[in-house]
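Shown next, in structure tokens, is the structure this report addresses.
Derivation of every value follows stated rules applied to the coordinates shown; laboratory data play no part. Only a predicted model underlies this, so the values are computations on that prediction, with no experimental measurement involved. Neighbour counts are summed over all protein chains in view; Cβ atoms, including those assigned to glycine, are modelled from backbone coordinates with ideal geometry.
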Amino acid sequence: MFQVRKARPEDAGAIANVHVKSWITTYSNLIDDEDLRQVISYEKRKAQWEAILKSSNISQFLYVAENDKQEVVGFINGGNERSKKFAYDGEIYAIYILKEYQGKGIGRQLLKTLTRAMKKEGYQSILVWVLTSNPSSKFYEYHGAKPVDEEEITIGTGTYQETAYGWEDIGILAEKLNER
């Protein structure tokens, strides 16, 4: 069993741990090893999450999934769409789940929790960026997201293709998540 709850400042280290481990297991076959080493470090991620969780100026949603031992095994983070290039007002910035907990419905529950919170705050739509070669894009497609755009991004010193997926109507997404 697992539960999803709003993240607290003391969760920063656990979130960083999930973030780093998930990057390594997810991207080791998709991103060059040297590029991966340049961008992922526990210390940097812990500082990032501490800043987000402690700041009253950062308007973001951050939820964690815990196992029955109350260990953080996944998280989701989102807020305003950052690029301002699309007709979407919300964005999922990150969703990561430890490999051994994937495929157990945690991602769906995290997405459901974030969607519900964003809808309550008046968001109308959601965008998420995914490495084009990442098989996890099937998760978004399964939940009704449609490809919106593609662009090249730099990770470390490498260039990679990324695809934006979107839900134009957050209400429809919320309904689908409640049905499943």
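What the table shows:
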item	result
VAL64 vs. criteria in contact with a helix residue (DSSP H, G or I) (Cβ under 8 Å, 6 or more places away or on another chain) and of a type outside the set (Asp, Glu)	yes
Qualifying residues in the range 113-170 (those that are within 21 Å of ASN80 (Cα to Cα) and of a type in the set (Gly, Ala, Ser)) - the one surrounded by the most Cβ atoms within 10 Å (Cβ to Cβ)	GLY166
Hits in the range 113-125 (condition: of a type outside the set (Gly, Ala, Ser) and assigned to a loop (DSSP other than H, G, I, E, B))	GLU121, TYR123, GLN124
Count - residues of the range 74-133 that are farther than 22 Å from TYR160 by Cβ and of a type in the set (S, T, N, Q)	6
Spans of strands (runs of 3 or more DSSP E) in the range 1-82 with at least 1 residues basic (Lys, Arg)	2-6
Flag if SER28 is in contact with a helix residue (DSSP H, G or I) (Cβ under 8 Å, 6 or more places away or on another chain), among the polar types (S, T, N, Q), free of Cβ contacts under 8 Å to residues at least 40 places away in the same chain and within 23 Å of TRP129 (Cβ to Cβ)	yes
Residue under evaluation GLN70, criteria (1) in contact (Cβ under 8 Å) with a residue 24 or more places away in the chain; (2) at positive phi; (3) polar (S, T, N, Q), criterion not met	(1)
Test set (1) within 16 Å of the chain's Cα centre (by Cα); (2) closer than 28 Å to ASP35 by Cα - LEU110 fails condition number	(2)
Pair list, Cβ < 7 Å and 6+ apart or interchain, from the range 8-24 residues that are over 24 Å from ASN134 (Cα atoms) to residues that are of a type in the set (Lys, Arg) and surrounded by fewer than 19 Cβ atoms within 10 Å (Cβ to Cβ)	PRO9/LYS54; ALA12/LYS46; GLY13/LYS46
Residue check, LEU110 part of a helix (DSSP H, G or I) and among the hydrophobic types (A, V, I, L, M, F, W, C)	yes
